[in-house]
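Step one of this worksheet: look at the structure below.
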Amino acid sequence: MTTSDLFPSRWSSKTGTSNFSRSSLDLDLREEFNTLLFGGGNEEPIGQSLILRRMRRVNGELEKCPCRIGSFASEAVQDYPCNFCQGVGYLWNEELVTGYKTVAVATNAGGADSNLQKKPIGDIYLPAIVFFFPYDLNPERNDIIVEINLKDDGSPITPYKRIGFYETYLVRDLRGEYGRRIYWSCNTRRIAPPTQGRSI
């Protein structure tokens, strides 16, 4: 019977062996997820084109837009959004990415997937939208995921028309064999578009 190490050699404090050796038949979970998202072989891709709005950061803090720094109230201008931040108040960079969107249903109001919001009329439950991304995307909390109009075949319509904005509030990297990252999941809440009724 063969054995294999349960822990990588760099984990010197961890020891243990398995009676089941790794082989070419073992599933590569990262590859399986990427095949699911992007397609491959006989698999049809389930991923959709999205825009990831990465918030710029300085020393770990969101970088304020000059329009906010120069305003009396230190707030972004909403009525006539600035050309740099589009009324967000912070600077960002956008990139076209591929991800998968689903609606999370929490089993209790305090669950990570719930989005219970207190409003003057009472508590309002808005289902949390969760996005899944490839292992190398590295999203962060407060980044904004933007839905865009797509053609029937799933390709983006250009110029891009942004139709949904989702702010990430819980970002997790899911790991598999030997602690290797498999994919990212981002719990989000839908937010109002910075500019109503026009492309940005």
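A few comments on the model shown:
- Looking only at region 76-87, residues that are at pLDDT 65 or above and either at positive phi or surrounded by fewer than 17 Cβ atoms within 10 Å (Cβ to Cβ) (or both) come to 4 in all.
- Residue 169 surrounded by 12 or more Cβ atoms within 10 Å (Cβ to Cβ), within 13 Å of the chain's Cα centre (by Cα), assigned to a strand (DSSP E or B) and at pLDDT below 95: yes
- Of all residues in region 88-116, those that are on the phi > 0 side of the Ramachandran plot have Cβ atoms under 7 Å from Cβ atoms of residues that are among the charged types (D, E, K, R) and at pLDDT below 85, 6 or more apart or on another chain, in 89/68; 89/75.
- Region 142-160 - residue that is within 18 Å of residue 54 (Cα to Cα) and either in a loop (DSSP other than H, G, I, E, B) or without any contact (Cβ under 8 Å) to a residue 24 or more places away in the chain (or both) and, of those, farthest from the chain's Cα centre (by Cα): 160
- Strands (runs of 3 or more DSSP E) contained in region 91-139 and holding at least 2 residues surrounded by 14 or more Cβ atoms within 10 Å (Cβ to Cβ) and modelled with pLDDT of 70 or more: 92-104, 128-134
- In region 46-57 there is at least one residue matching the filter, namely being over 30 Å from residue 152 (Cβ atoms), at pLDDT 55 or above and not in a loop (DSSP other than H, G, I, E, B).
The values are calculated or read from the model by the stated rules, or taken from the named source; none is laboratory data. Predicted model only: the values in this text are computed from it and were never measured. Counting neighbours? That spans all protein chains shown, and the Cβs are built from the backbone with ideal geometry, glycine included.
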